[in-house]
Amino acid sequence: MCLAIPAQLVSEPNEIQMVEVDILGVKRHISTMMAPAARKGDHVLVHAGFAIQIIDEEFAAESLQMLRQMGIKTAEDLEAEADALEAAEAAAGSQAP
Amino acid sequence: MSDLSSGFRDPEIARGLVDAIRETAQTPCTLMEVCGTHTMAIAKHGLRGLMPDTINLLSGPGCPVCVTANADIDLAIEIARQPGVVLATFGDMMKVPGSYSSLSAEKADGRDVRVVYSPLDSLSIAEREPDKHVVFLGVGFETTAPTVALTIREAARRELPNWSALSLHKTVPGALRALVNDPEVRVTGFILPGHVSTIIGLEPYRFLAEEYGIPSVITGFEPVDVLQGVWMLAKQLAEGRAEVEIAYGRGVSAEGNPTAVAAMEEAFMPVDAEWRGIGVIPGTGLALRPEFARYDARARVPVTPPAPREIKGCQCGDVLRGVLLPFDCKLFGRGCTPEHPVGPCMVSSEGSCAAYYRYTDYGKD
């Protein structure tokens with residue numbers, strides 16, 4: 001029920017703050033009364049026929065980049081891991097009879 | 001845009017977050033997702049199965065349709081039964097059972113009940129059909145209430161004589177306070193609703209951290225968003241912190257949407273509201289202010305519905321408080337299914353029972 005879907009403004013809002021948006025290829029008319037700063041080209045979150053927020057695209061790109069770095073190990077990470085493994089193996093080997 | 005949405009479904013990023021969660025969550029914790037849209041996202045993407053044994057995910061009372069009391073549904077039905085009334089509402093409300101009937105059953109019986117996409121559409125119906133009285137049934141939390149508030153303002157601007165709103169809207173923070181005060185409910189962290197927070201911002205949740213020491217993270221709805229929210233909660237718990245944080249910065253700012261809040265406050269005032277399973281929570285309902293009485297369906301279409309009754313055997317109330325998992329209910333899958341639902345948690349597309357039934361193989365993952 002509290003679902004809001006991203007959409008892009010394809011026109012400028014008219015005098016009663018109605019605007020055409022593109023929601024994944026589907027065109028709809030929504031109200032920008034709640035997001036009066038929204039302009040053509042902006043991405044907004046749409047709920048029940050109203051734009052409730054302009055999506056902060058810069059923030060989205062930055063958070064994706066930050067999250068991506070968590071998942072993908074860098075060359076240095078891999079090298080450090082290999083070193084640690086080698087050291088552990090060497091330690092285990094030295095304890096062996 | 002496609003990159004924006006697809007980025008937050010990226011399996012590589014999700015994998016990295018799952019690893020980080022496993023590393024961070026060393027002590028057992030119970031995290032409640034408050035919002036029904038989260039319940040659905042978690043079930044649909046199989047996120048419960050990716051959690052380490054230390055994390056127990058619990059659904060909360062965040063499905064507005066599910067927490068609507070029988071007496072309120074009965075009231076809407078009684079209004080729909082009045083001659084000359086068109087009852088317009090969101091699709092989610094149609095199949096929800098009240099004490100004796102549902103709106104879809106009433107429609108089948110010939111009442112004029114219509115589904116609209118936006119509350120503004122109900123104004124157009126009133127303009128097109130001046131001999132009818134159109135009642136818009138408003139259900140939903142702070143995400144939805146401003147859309148109805150602005151529709152009320154628009155009805156006043158157009159001076160529509162034949163339109164009114166029945167507000168069953170509810171607000172979330174007071175319900176969270178009632179939950180944490182309930183000795184049966186044990187929650188160590190809250191996954192807070194993203195789009196409610198788009199409107200109200202961060203401040204109204206501050207008491208969770210400051211008075212109760214419970215970490216909370218405002219979370220979005222893509223799989224990566226949910227995992228990020230869980231990871232941030234695990235981090236707070238591991239570091240012994242309790243704060244309100246935002247894991248959905250592209251859609252939520254700390255101050256919320258002041259235009260929407262102002263619209264909501266202009267049209268509505270807080271009143272006590274009955275929540276299914278929880279009871280009456282002071283100040284969590286939204287009634288139209290006296291200035292807008294001519295647009296208030298309670299005044300325009302006065303009715304007396306029959307005394308409400310509870311549905312026999314349905315444990316929806318305990319499921320909504322997070323003290324019972326859906327598959328622990330005696331009726332779950334045996335007499336209560338999405339095809340033949342007994343209670344609202346199985347009816348609503350966002351109800352916990354419907355989500356568990358549809359996606360989790362009876363929750364045995």
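The values are calculated or read from the model by the stated rules, or taken from the named source; none is laboratory data. Just so it is clear, the model here is predicted, and its values are computed rather than measured. Note: ideal-geometry Cβ built from the backbone for every residue, glycine included; neighbour counts use all protein chains shown. The area values use the complete protein model at the heavy-atom level, side chains included, leaving out ligands, DNA and RNA. Shrake-Rupley method; radii C 1.70, N 1.55, O 1.52, S 1.80 Å.
When B:Pro270 is tested against the conditions (1) part of a helix (DSSP H, G or I); (2) touching a residue at least 60 places away in the same chain (Cβ under 8 Å); (3) not acidic (Asp, Glu), the lone failure is (1). Every condition in (1) surrounded by 17 or more Cβ atoms within 10 Å (Cβ to Cβ); (2) under 26 Å from B:Val85 (Cα atoms); (3) in contact with a helix residue (DSSP H, G or I) (Cβ under 6 Å, 6 or more places away or on another chain) is met by B:Gly277 except one, and the failing one is (2).
Limited to the range B:1-44, what total is found for residues that are assigned to a strand (DSSP E or B) and not charged (D, E, K, R)? Before you say what the answer is, go through the steps one by one.
As a first pass, look at the range B:1-44 and keep what is assigned to a strand (DSSP E or B): B:29-35.
From what's left, not charged (D, E, K, R): B:29-32, B:34-35.
Number satisfying all stated conditions: 6.
One line per residue, one yes/no per condition, for (1) under 20 Å from B:Gly351 (Cα atoms); (2) away from chain A (no Cβ under 11 Å); (3) within 27 Å of the chain's Cα centre (by Cα):
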{"site": "B:Ile13", "(1), (2), (3)": "no, no, no"}
{"site": "B:Glu33", "(1), (2), (3)": "yes, yes, yes"}
{"site": "B:Thr37", "(1), (2), (3)": "yes, no, yes"}
{"site": "B:Met40", "(1), (2), (3)": "yes, no, yes"}
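Check whether at least one residue in the range B:146-162 is over 15 Å from the mean Cα position of the chain (by Cα), open to solvent by less than 20 Å² (accessible area, probe 1.4 Å) and away from chain A (no Cβ under 14 Å), and report yes or no. For the range B:146-162, residues over 15 Å from the mean Cα position of the chain (by Cα), open to solvent by less than 20 Å² (accessible area, probe 1.4 Å) and away from chain A (no Cβ under 14 Å): present. Mind checking which residues of the range B:219-244 are within 13 Å of another protein chain (Cβ to nearest Cβ), of a type outside the set (Lys, Arg) and open to solvent by 10 Å² or more (accessible area, probe 1.4 Å)? The answer is B:Phe221, B:Glu222, B:Pro223, B:Gln228, B:Trp231, B:Met232. In the range B:19-30, the residue that is nearest to the chain's Cα centre (by Cα) out of those that are more than 9 Å from chain A (Cβ to nearest Cβ) and open to solvent by less than 60 Å² (accessible area, probe 1.4 Å) is B:Thr30.
Quick check on the range B:284-305. Is at least one of its residues at pLDDT below 95 and either open to solvent by 30 Å² or more (accessible area, probe 1.4 Å) or over 30 Å from A:Ile55 (Cβ atoms) (or both)?
No: the range B:284-305 contains no residue that is at pLDDT below 95 and either open to solvent by 30 Å² or more (accessible area, probe 1.4 Å) or over 30 Å from A:Ile55 (Cβ atoms) (or both).
Among the residues of the range A:1-19, those identified as more than 11 Å from chain B (Cβ to nearest Cβ), in contact with a strand residue (DSSP E or B) (Cβ under 6 Å, 6 or more places away or on another chain) and not aliphatic (A, V, I, L, M) are A:Ser11, A:Pro13. For the range A:44-72, the set of residues classified as crowded, with 19+ Cβ neighbours inside 10 Å and more than 7 Å from every other protein chain (Cβ to nearest Cβ) consists of A:Val44, A:Val46, A:Ala51, A:Ile54, listed by residue number. The requirement of being under 23 Å from the mean Cα position of the chain (by Cα), crowded, with 20+ Cβ neighbours inside 10 Å, away from chain A (no Cβ under 14 Å) and not aliphatic (A, V, I, L, M) is fulfilled somewhere in the range B:81-99, by at least one residue. The set of residues in the range B:107-144 being open to solvent by less than 20 Å² (accessible area, probe 1.4 Å), more than 10 Å from chain A (Cβ to nearest Cβ) and part of a helix (DSSP H, G or I) consists of B:Ser122, B:Leu123, B:Ile125, B:Ala126.
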